[in-house]
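A.B. asks: I'd like to ask you about the structure that follows.
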Amino acid sequence: MSGIRIGSDFEIEKTDYEQTAQFDWRAFYGFRNNVIRALGQFGTVGPLGEVDLLADEDEAPNFIGETVDDPDFFVVDDMHNAHDKISIVECAVRHVNAEVIHALVKMAALFPGWHVILNMGDSGLRVFGDRVLVGGRRFWDCSDIAAIGRRCEGDVDYGPEPEFQQSMYGLWVDLVCGGFSSAKGYPDPPDREWREALVLLGHMLRESNGDSLGAHSYSRVRYDLHPRTRRKMLERFLAEAGSLPTGRLKEAARWNIPQDAADALATALSPDEIGSFVGLISVAQSLAGASLDPGQIVFWWPNIIERLKAIDQFDRLRATLAAEMRKLLESKEPWIQLSGVFALAKLGAPDIAAAVDRALRTNQQWLANDPLLQWLLKIRNGSVLYPSGLVLK
């Protein structure tokens, strides 16, 4: 297939949601039906199937076929608005190749103005009938669909470890804590990854009408930075956790510390590095205790472990993490003890019942907090679920 241009997802113009509706539900689900058919050639698609376009307009969408659990291609079924002519697909990058992209291009050519968004975690593609727009370091310098397909075959090639750029630490902190509002005031980017990051951030600022970017915006540039770059930045940040402004630390703990900490543990090269970094995370939890809400302290380690499970590093790190969590049980701080208990439950510790009993004996005040007590009893019986509606204070 020739004539398909490769461009940047910066080309997407901001939608004017004040204009009148651009399409109805039949148009949206008609395009989505074709996305499902195109992707169905390459793997399972779901969880919900196609929609009956002949259904009464006043009825809810009538999805045809059985629900597919854990599909290769998760095709979003909600029509969020009547302005964005898109169908969003979430999938692992390993399910995407040149043939998949060509099939989507061929299909989208029948629907001018519409396109498919492929969200793949560390990167993304927007597939139109005449062009493919790329986003993320994975696709740097790709000039055709074949090159894009090859980049999807394995991990991102970050190349050799770059020299740590101390001059970019202030920018990184503003990203993970929220508050980036201008590229001015930072030193000139010393290498490509930071130049690319600032270009993307400038684009995001324009989309936000000049408002400061929140901490969640860091997710757009996270995987454009070398893993060692992020790890070194995080090490310094954790070491300074006791001196960071409360509001900034809370935002980082809510959005970005768990993910970057999990990623750093997943890419550590030696047992010594893993052990050292695990200890640093716990020290930071203690240093940050005065600035964080009780819930953020309790879920500090469980949130990291939850993300490690999602990136298939759970078993390799289980023993080291369990040993560290048992140290938390010795803490004089009740919320850190509770963090250790819940983290051990997440790790599947065989003696979780004994850990809960010990924590309750040490913290008799918890017995008067019935919601907390009931949650702990569920943990004692094997639950790894986060509590619903529990207020920690």
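A.B. asks: Working carefully through the options Val89, Val100, find the one that is β-branched (Val, Ile, Thr), out of contact with any strand residue (DSSP E or B) (no Cβ under 6 Å at 6 or more places or on another chain) and not in a loop (DSSP other than H, G, I, E, B).
C.D. replies: Just one listed residue meets the conditions, Val100.
A.B. asks: (1) in a loop (DSSP other than H, G, I, E, B); (2) within 20 Å of Leu244 (Cβ to Cβ); (3) among the hydrophobic types (A, V, I, L, M, F, W, C): which one isn't true of Val156, the others all being true?
C.D. replies: The single condition Val156 does not satisfy is (2).
A.B. asks: Next question. Output yes when any residue across segment 192-211 is modelled with pLDDT of 90 or more and part of a loop (DSSP other than H, G, I, E, B), and no when none is.
C.D. replies: Within segment 192-211 (the criterion being modelled with pLDDT of 90 or more and part of a loop (DSSP other than H, G, I, E, B)), the answer is no, since none of the residues qualifies.
A.B. asks: Conditions: (1) under 22 Å from Glu90 (Cα atoms); (2) of a type in the set (A, V, I, L, M, F, W, C); (3) touching a residue at least 60 places away in the same chain (Cβ under 8 Å). Trp25 meets all but one. Number of the miss?
C.D. replies: (3) is the only condition that Trp25 fails.
A.B. asks: Need the failing condition index for Arg316 against (1) basic (Lys, Arg); (2) free of Cβ contacts under 8 Å to residues at least 24 places away in the same chain; (3) under 16 Å from Arg380 (Cα atoms), just the number.
C.D. replies: With (1) basic (Lys, Arg); (2) free of Cβ contacts under 8 Å to residues at least 24 places away in the same chain; (3) under 16 Å from Arg380 (Cα atoms) applied to Arg316, the lone miss is (3).
A.B. asks: Can you tell me which of Ala290, Ala253, Ala284 is at negative phi, crowded, with 21+ Cβ neighbours inside 10 Å, in contact with a Gly (Cβ under 9 Å, 6 or more places away or on another chain) and in the same structural domain as Ile336 (by TED's automatic domain parsing)?
C.D. replies: On inspection, the qualifying residue turns out to be Ala284.
A.B. asks: In segment 163-188, what residues are surrounded by fewer than 18 Cβ atoms within 10 Å (Cβ to Cβ) and either farther than 20 Å from Ile257 by Cα or free of Cβ contacts under 8 Å to residues at least 60 places away in the same chain (or both)?
C.D. replies: Result: Glu163, Gln166, Ser167, Gly170, Ser181, Ser182, Ala183, Lys184, Gly185, Tyr186, Pro187, Asp188.
A.B. asks: So is Asp263 in contact (Cβ under 8 Å) with a residue 40 or more places away in the chain, under 25 Å from Gln313 (Cβ atoms), acidic (Asp, Glu) and part of a helix (DSSP H, G or I) or not?
C.D. replies: Against the criterion (in contact (Cβ under 8 Å) with a residue 40 or more places away in the chain, under 25 Å from Gln313 (Cβ atoms), acidic (Asp, Glu) and part of a helix (DSSP H, G or I)), Asp263 qualifies.
A.B. asks: Of the residues Leu104, Leu48, Leu39, which is crowded, with 19+ Cβ neighbours inside 10 Å, in the same structural domain as Asp130 (by TED's automatic domain parsing), modelled with pLDDT of 95 or more and farther than 30 Å from Gly3 by Cβ?
C.D. replies: Of the residues listed, the single one that is crowded, with 19+ Cβ neighbours inside 10 Å, in the same structural domain as Asp130 (by TED's automatic domain parsing), modelled with pLDDT of 95 or more and farther than 30 Å from Gly3 by Cβ is Leu48.
A.B. asks: Those residues that are of a type in the set (Val, Ile, Thr), surrounded by 14 or more Cβ atoms within 10 Å (Cβ to Cβ) and within 17 Å of Pro294 (Cβ to Cβ), I need them from segment 363-393; list them, please.
C.D. replies: Hit for segment 363-393 is Ile379, nothing else.
The values are calculated or read from the model by the stated rules, or taken from the named source; none is laboratory data. Quick caveat, the model's predicted, so the values are computed rather than measured. Glycine also receives a Cβ, built like all others from the backbone with ideal geometry; neighbour counts cover every protein chain displayed.
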